[in-house]
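Data block below; observations after.
The values are calculated or read from the model by the stated rules, or taken from the named source; none is laboratory data. Note that the coordinates shown come from a computational prediction; the quantities given were computed from them, not determined experimentally. Here the Cβ positions follow ideal geometry from the backbone for every residue, glycine too, while neighbour counts run over all protein chains shown.
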Amino acid sequence: MTRNAKARLLLSVLILAALVAGACYREALAQSSPLAAMRQPAPAGLFGWLLSKQALFYRELSGLIRAAKSDGTALWGLLGVSFAYGIFHAAGPGHGKAVISSYLVANEETWRRGVTLSFASALLQAITAVLIVAVAAVLIGATAKAMGDTVRVIENLSYALIVLVGARLFWVKGRAFMRTLRALNSKSLPAEPEHAHDHATHAHDGRAACCHHDHAHRDHEPNQSAAADMHEHHHESGHHGHDHDDEESVLPWGHAHGPEPEELAGPGGWRRGLSAIVAVGLRPCSGAIIVLVFSLAQGLFWAGVASTFVMAIGTAITVAAIATLAVGARAVAKRFAATRVSYGTLVLRGIEVGAAVLVMAFGVLLLTGTMASERMGMF
Amino acid sequence: MIRRIVFLIAAFLWLLASMPHAQAHPHVWVTMTSELLYAPDGSLTGVRHAWTFDDMFSAFATQGLEQKTKGQFTREELQPLAKVNVDSLQEYAYFTYVNVDGKRQKDALLDPIDYYLEYDPNETVLTLHFTLPLKAPVKAKTLEVEVYDPEFFIDFGFAEKNQVKLVNAPAQCSMSVAKPRDDFFSAAVRLDKSTAWEANAGMGANFANRVTVTCP
């Protein structure tokens, strides 16, 4: 292993450790009841600054919505502040950063797909918020309590979906992990020397891909040759269109070069991430709901709608940045794995299983209310 | 390659720095005044709060409520909402904590009495009034009342004027009020002249608003 490879391994381990530690820390924090909650460390540094900024922006929204009533130019200010608020705001809980990032890691997704997922789920969140307020407040004239109850139902639905998405990932990834393990056990010889060079990456990836396709896998022994893997890989790309509704087909491209454009653009490309988009995006941001109702009360509902969508774009940028980071960490781990064909693949599959477990865990924690999300419920 | 590694290190540090604090997320701002109620024997019997919500949340909370006059809400019209409010607040222990000689008292408070909402049509804000009786009146050398939301969904801050009053407290008792630090905010940022929200817009539970009463 080269020095670079070691450094990259170390980094990826550190990043994953940070993700896990962060999740555990939040969980631990959230578990202490308000009564038991003692002093938390003072938030400081970049993040404290981010949060103080988002608080400021949020407070400015109300003034700008009021101003927009009489002064059309205030609308630009409103949109600008909404955008900035979205960017800073998404740093807080909710908005599916953790879920999307884990999903991407588990599914060996590209950064482009990560960005797409982030934007799609953020826009869906905005749409849900607008729909809830439009139907509940504008049409029915429902009270805040009724709206809060509606949001809670949708929230729980969204969390349950996250559990399902995680469970499915776990099933798929767990099987892949077991197969890799079995393949390793049945193979007494270590990887052939030529696996060390670049070409081996293809072979290895091809194998990784094949493991998720029963039809492909069945007629091959685990210790198939590199050439067979290559064949398998291309064979799969050809068949990709047939099974795109299957979560397992998320993995077919194993290329270090990233996915073929048509794989992203195709109808299957959309459907692959749809479950995650819906699971995360179903749940509206409570800030957006409050802004929408406030603008409604000011007689400027459309300004609130515009603000909500611009906010969503800002939110998506932050979530996408974090998702890209997760994808980057995954790619680094993968490149390391490529240098150690047999053992490395197992580690990679292990990371995927771990990420799938995280998605499930996030869903369960959110569902049981253990993990803090945004609270709609005070009133 | 080096650039990539540097980027990843920076990203990692950022993640590490941000994760633990991802809780903080205020959506509701409360400007409050409080009264500490004393019995003739010099013991604290209860806390009376008046919490004024920010205008956006006030608009949200009053959405869909029936009103005789547009833009106005009477106390009676708001009473059902007041009930919902205090009922929901129970889950959060009313965000009010009592420390006796530095020790946090568990379950120190009874359910609120004398609660009602007021609507200010000029500022378009709601104020929730309620009194929290102590389960057992407390007499202590040092008594602290803290108000904060550990999850920081609600950002509490004392009003600038008449923030805390001692009612019928023994004459020798003295009071001090600690407001959260305002590390992140400059005094120049002042959106609402009538509140001290910006002083409180720092975050975290250690930004508790604390009233300390010392009776030698």
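Side notes on the structure shown:
- For the stretch A:133-149, residues that are surrounded by fewer than 19 Cβ atoms within 10 Å (Cβ to Cβ), at the interface with another protein chain (Cβ under 9 Å from one of its Cβ atoms) and in a helix (DSSP H, G or I) total 2.
- Count - residues of the stretch A:68-110 that are within 12 Å of chain B (Cβ to nearest Cβ) and over 30 Å from A:A167 (Cβ atoms): 3
- Qualifying position, being outside any helix (DSSP H, G or I) and aliphatic (A, V, I, L, M), among A:A67, A:A84, A:A129, A:A91: A:A91
- Conditions (1) crowded, with 23+ Cβ neighbours inside 10 Å; (2) farther than 30 Å from A:V138 by Cα: number failed by A:A312: (2)
- Output for the stretch A:320-356, where each listed residue is within 25 Å of A:A120 (Cβ to Cβ) and modelled with pLDDT under 80: A:K334
- Per-region count, the stretch B:42-95, residues out of contact with any Pro (no Cβ under 7 Å at 6 or more places or on another chain), in a strand (DSSP E or B) and surrounded by 19 or more Cβ atoms within 10 Å (Cβ to Cβ): 6
- Selection within the stretch A:335-361 - among the basic types (K, R), in a helix (DSSP H, G or I) and more than 30 Å from A:Y159 (Cβ to Cβ): A:R335
- Unique residue being out of contact with any strand residue (DSSP E or B) (no Cβ under 7 Å at 6 or more places or on another chain), in contact (Cβ under 8 Å) with a residue 12 or more places away in the chain and away from chain B (no Cβ under 13 Å) when the list is A:G287, A:G281: A:G281
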